[in-house]
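Worksheet for the structure shown next.
The values are calculated or read from the model by the stated rules, or taken from the named source; none is laboratory data. Treat the numbers as computed from the prediction; the structure is a model and nothing was measured. Using ideal geometry, Cβ is built from the backbone for each residue, glycine included, and neighbour counts are taken over all protein chains shown.
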Amino acid sequence: MPKKLGKKKVDSRTEVQQDAQQQEALFNFNKLNMEMRPLAYYAHSSMRQGNQIEVLIPYTMMGFDMPVFLGFDDIYEFINLQEISANCILVYMRYLEELCRINGQAEKFVLVSPKLDLTS
C-alpha cells in the first residue's frame, strides 16, 4: 500500500491550544476587565472571519436612520484602550441616548454625529 502524502492531520486539542494562544496574544484575556471578556471572545471567534456587528442609530437620535457597522478592528481598539473609530463613538452615543430616554432626560440633550464636518 502506498503512503499518502500531504499535510499532517492536526489534533483538535492542538488546534484549541493554538487558538487559545492566539486569543491571549490579541487580547490578553487575563488582564481584561470581566465585563469585556465576552466581547473579546465573540470578536475573536466570530468577527475575524469578516463578520460585523450592526447597530441601528434611530431617527430620533440624529434625524435620520443610520446603520453603523463595527468590525474586528473596532472591537480590538476599544478593548485595548486605543484610539477608537467614529462608529464606536456613535454606538456609545446610542447607548447613552437610550439611557436618557429611559430616565426621562432625552429632551435635555442634543447629540451630533462625530462623522459630520462642522468646520465649514
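A few notes on this one:
- Among (1) surrounded by fewer than 17 Cβ atoms within 10 Å (Cβ to Cβ); (2) under 28 Å from R37 (Cα atoms); (3) in contact with a strand residue (DSSP E or B) (Cβ under 9 Å, 6 or more places away or on another chain), the one test that V91 misses: (1)
- Across the range 54-74, the qualifying residues are those that are closer than 19 Å to C100 by Cβ and among the aliphatic types (A, V, I, L, M), and the one among them that is modelled with the lowest pLDDT is M62.
- Per-region count, the range 61-99, residues touching a helix residue (DSSP H, G or I) at 6+ places or on another chain (Cβ under 8 Å) and of a type in the set (V, I, T): 4
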